[in-house]
Amino acid sequence: DSLPSVKNVNVNVNVNSNPVNAMKRKHRRKKSTKSSTLMIPKNTLAVRCVNKSKSASDFNPMLLIATIGKAHDGPIWSSSFSKDGKYLATGGEDGVVNIWQISPTKEEYNNQSNKPWFPEEDAKWKGFWGEDTENNAEEGKVHPLPTMHNSECNAIGTDIQFILPTPVQTFREHTRDITDLSWSNTGFLLSASLDNNVKLWHPTRSISLHQFRHPDGVTSVSFHPNEDRYFLSGGFDKKLRIWNINHGRVAEWAQASNHITTATFQPDAKRIAVG
């Protein structure tokens, strides 16, 4: 038998199998990772998802530019920006609805907070900026957020005064947890609570404008996307209700098969999603 021609013989050399090359690559990766970590701003927060492969688990990081301590006495269950972006409403376990002003002017910020326009940078990105946070930190109630403490790159964006440090309105009429919040296109706010009530508010008024009673705890509330005189509510009594605000009563309702924990209008208002 004749030997095969040399030009038909394939020789594959796997350079990856070389242990020296493997060690060099590992060292380069470690050096590169360390270098990139040191260049990330201190106030960077990593964003990850679960149950995904490693290559798909990372998202673009976010920057922590402000932290307000003791915003509520307990957990915050719901938060919502107004449609015009001027206010942020928050509510939680304490039954309080707070309205915060967004993007205040320099004068508004200094007049309300009695603090300099540029608070201490380190105090902000560590998560200790806000009223009473110093005492809370001593008691172990406030903890630094998981920012890049080992980074050599200074925090950025912390000079942006995104929100006033104290609320412009505080509503205390609810007696139990605030479960949901919804803004109308015209700047009115609805709050749902486990005290069986939905209340209507406006940032310029110190008391509620109307109360809508339910037979059981209300877990979800949503303004109609196009008609501010209507809103949707759902709760533990398994009923979905569409209310007419002007008349102060239910316009339509439907029976659900189980407790309602969330309900919202489709953007074109042709359907309602309930869960």
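Sub-9 Å Cβ pairs linking a first residue in region 229-257 that is under 20 Å from Thr179 (Cα atoms) to a second residue that is open to solvent by 60 Å² or more (accessible area, probe 1.4 Å) and among the small types (Gly, Ala, Ser), at least 6 apart or interchain, are Lys238/Ser257, ordered by first then second residue. Only one entry in Thr166, Thr170, Thr179 is at pLDDT below 95 and open to solvent by less than 70 Å² (accessible area, probe 1.4 Å), namely Thr166.
Region 181-275 holds strands (runs of 3 or more DSSP E) entirely within its bounds, and those carrying 2 or more residues that are within 24 Å of Ser79 (Cβ to Cβ) and in contact with a Ser or Thr (Cβ under 9 Å, 6 or more places away or on another chain) map to 189-193, 197-201, 218-223, 230-235, 239-244, 263-265, 272-274.
Scanning region 232-275 for residues that are open to solvent by 50 Å² or more (accessible area, probe 1.4 Å), closer than 18 Å to Asp195 by Cα and of a type in the set (A, V, I, L, M, F, W, C) yields one hit, Phe236. The one condition from (1) free of Cβ contacts under 8 Å to residues at least 12 places away in the same chain; (2) more than 30 Å from Ala66 (Cα to Cα); (3) of a type in the set (Ser, Thr, Tyr) that Thr204 does not meet is (2). In region 238-252, of all residues being aliphatic (A, V, I, L, M) and farther than 18 Å from Asp216 by Cα, the one that is nearest to the chain's Cα centre (by Cα) corresponds to Ile245. Screening Phe81 with (1) at pLDDT 90 or above; (2) open to solvent by less than 80 Å² (accessible area, probe 1.4 Å); (3) not small (Gly, Ala, Ser) gives one miss only, at (2).
Do we find that Ala123 is open to solvent by less than 30 Å² (accessible area, probe 1.4 Å), at pLDDT below 90 and among the hydrophobic types (A, V, I, L, M, F, W, C) in this structure? The answer is no for Ala123. Considering Asn114, Asn110, Asn16, which residue is exposed (fewer than 10 other Cβ atoms within 10 Å of the Cβ), at pLDDT below 80 and within 24 Å of Phe171 (Cα to Cα)? Sole residue among the options that is exposed (fewer than 10 other Cβ atoms within 10 Å of the Cβ), at pLDDT below 80 and within 24 Å of Phe171 (Cα to Cα): Asn114.
Of all the numbered requirements in (1) at pLDDT 55 or above; (2) open to solvent by 40 Å² or more (accessible area, probe 1.4 Å); (3) farther than 28 Å from Ile40 by Cβ; (4) part of a loop (DSSP other than H, G, I, E, B), Gly95 misses one, and that requirement is (2).
Filter region 98-107 for residues that are at pLDDT below 90 and touching a Phe, Trp or Tyr at 6+ places or on another chain (Cβ under 8 Å); which is least open to solvent (accessible area, probe 1.4 Å)? The residue in question is Ile102.
Residues in region 189-219 that are open to solvent by less than 60 Å² (accessible area, probe 1.4 Å) and among the β-branched types (Val, Ile, Thr): Val198, Val218, Thr219.
The values are calculated or read from the model by the stated rules, or taken from the named source; none is laboratory data. On a predicted model such as this, the values are computed, not experimentally measured, just so you know. As a convention, Cβ positions derive from the backbone with ideal geometry for all residues, glycine included, and neighbour counts pool all protein chains shown. Protein only, heavy atoms only, side chains kept; ligands, DNA and RNA dropped before computing areas. Shrake-Rupley method; radii C 1.70, N 1.55, O 1.52, S 1.80 Å.
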